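First the structure, in the form of structure tokens, and then the observations on it.
The values are calculated or read from the model by the stated rules, or taken from the named source; none is laboratory data. Just so it is clear, the model here is predicted, and its values are computed rather than measured. A quick note on method: Cβ atoms are made from the backbone with ideal geometry, for glycine too, and the neighbour counts reach across all protein chains shown. For the accessible areas, the whole protein counts, side chains as well, though only heavy atoms, and no ligand, DNA or RNA atoms are used. Shrake-Rupley method; radii C 1.70, N 1.55, O 1.52, S 1.80 Å.
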Amino acid sequence: MLNGFFPSECPRCGKPSDSPRHAPLCYECWGAISPYNGPSCGICGEPLASGHGSVCGECLADRPAFSKAYAYGLFDGTLKEAIHCYKFASIRRLAAPLAGLLGGLGLPAVDVVAAVPLTKKRLLERGFNQSMLLGREVARMTGAKLLPHALLKVKDTPAQAGLGRKERSLNLRGAFMCGGPVSGQTVILVDDVITTGATARECSKVLAKAGAREVYVVALARTKK
Ligand SMILES: [Zn+2]
Ligand SMILES: [Zn+2]
């Protein structure tokens, strides 16, 4: 009977799904999702070979508009599988358990929560904005107010895959607009996965230009370089 509500097999281990909370991932596989605790840049969070809390070359050369980026884990293994189920198989109820992972990151207290937006066209295709649903959960967890229109994506951008840092940031120029009252506010900007950080950088810049006092970026995962 439950099969009508969630897929019956864990995509990770093939065992029957045994948890309605984070199905199709089974209880055991979900439990194996772990945070990244290795050395990372004190600003953007990019994993570093060594040196906890030091700052990466990119942040030194071009300091982002956000104060700090938090990502729960590496985009790999079960976490990657779970994000795929959520984002591409549209299993929306995974928003709550995925956002729950962020609860352990010691997120800063802020006034408002914003999310990386999709264009209207993309939103219609997917049916939901994966970052916005996470943002709603983050707002609930932190007691901050969700501003659903703080950021708008006003320009369709070609797929970022295969592009270098520079092309990615050029690609994103003018793609976002601020549509909400962020002036004087401290903001958590929610994204699902941080790849090069170009999106987080551009969105933060737009929020800062609109008067946001401080911007923090929060994501589920970060791709490994
Ligand atoms: Zn499993
Ligand atoms: Zn950095």
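For beta carbons closer than 6 Å, sequence separation of 6+ or different chains, a first residue in segment 81-104 that is within 18 Å of Glu28 (Cβ to Cβ) and a second that is surrounded by 14 or more Cβ atoms within 10 Å (Cβ to Cβ) and of a type in the set (D, E, K, R), the qualifying pairs are Glu81/Arg12. What residue, among those in segment 124-137 that are in contact with a strand residue (DSSP E or B) (Cβ under 9 Å, 6 or more places away or on another chain) and either modelled with pLDDT under 95 or polar (S, T, N, Q) (or both), is surrounded by the most Cβ atoms within 10 Å (Cβ to Cβ)? By that ranking, first place goes to Ser131.
Out of segment 180-224, which residues are of a type in the set (D, E, K, R) and either open to solvent by 20 Å² or more (accessible area, probe 1.4 Å) or in a loop (DSSP other than H, G, I, E, B) (or both)?
Arg201, Glu202, Lys205, Lys209, Arg213, Glu214, Lys224
Checked against (1) within 16 Å of ligand 1 (Cβ to nearest atom); (2) part of a loop (DSSP other than H, G, I, E, B); (3) without any contact (Cβ under 8 Å) to a residue 60 or more places away in the chain, His22 passes all but a single condition, namely (3).
Suppose the filter is modelled with pLDDT of 95 or more and either of a type outside the set (Val, Ile, Thr) or closer than 26 Å to Lys80 by Cα (or both); does Asp156 pass it? No: the conditions fail for Asp156. Exactly one residue among His84, His22 is open to solvent by less than 30 Å² (accessible area, probe 1.4 Å) and more than 14 Å from ligand 2 (Cβ to nearest atom), and that residue is His22.
Could you please let me know if Ser54 is under 27 Å from Leu189 (Cβ atoms), within 21 Å of the chain's Cα centre (by Cα) and not acidic (Asp, Glu)? Before you say what the answer is, go through the steps one by one.
Working: under 27 Å from Leu189 (Cβ atoms): yes; within 21 Å of the chain's Cα centre (by Cα): no; not acidic (Asp, Glu): yes.
It is false that Ser54 is under 27 Å from Leu189 (Cβ atoms), within 21 Å of the chain's Cα centre (by Cα) and not acidic (Asp, Glu).
Taking Leu146 as the residue in question, decide whether it is touching a Phe, Trp or Tyr at 6+ places or on another chain (Cβ under 9 Å) and either surrounded by fewer than 19 Cβ atoms within 10 Å (Cβ to Cβ) or closer than 22 Å to Val215 by Cβ (or both).
Answer is no for this residue.
Does Lys166 satisfy the condition of being basic (Lys, Arg), under 19 Å from the mean Cα position of the chain (by Cα) and within 19 Å of Glu46 (Cβ to Cβ)?
Considered against the rule, which asks whether it is basic (Lys, Arg), under 19 Å from the mean Cα position of the chain (by Cα) and within 19 Å of Glu46 (Cβ to Cβ), Lys166 comes out as no.
Yes or no: Glu137 charged (D, E, K, R) and without any contact (Cβ under 8 Å) to a residue 12 or more places away in the chain? Judged against the criteria, Glu137 is not a match.
Can you name the residue in segment 87-112 that is out of contact with any helix residue (DSSP H, G or I) (no Cβ under 7 Å at 6 or more places or on another chain) and among the charged types (D, E, K, R) and is also surrounded by the fewest Cβ atoms within 10 Å (Cβ to Cβ) among such residues? Looking at the filtered set, the residue picked out is Arg93.
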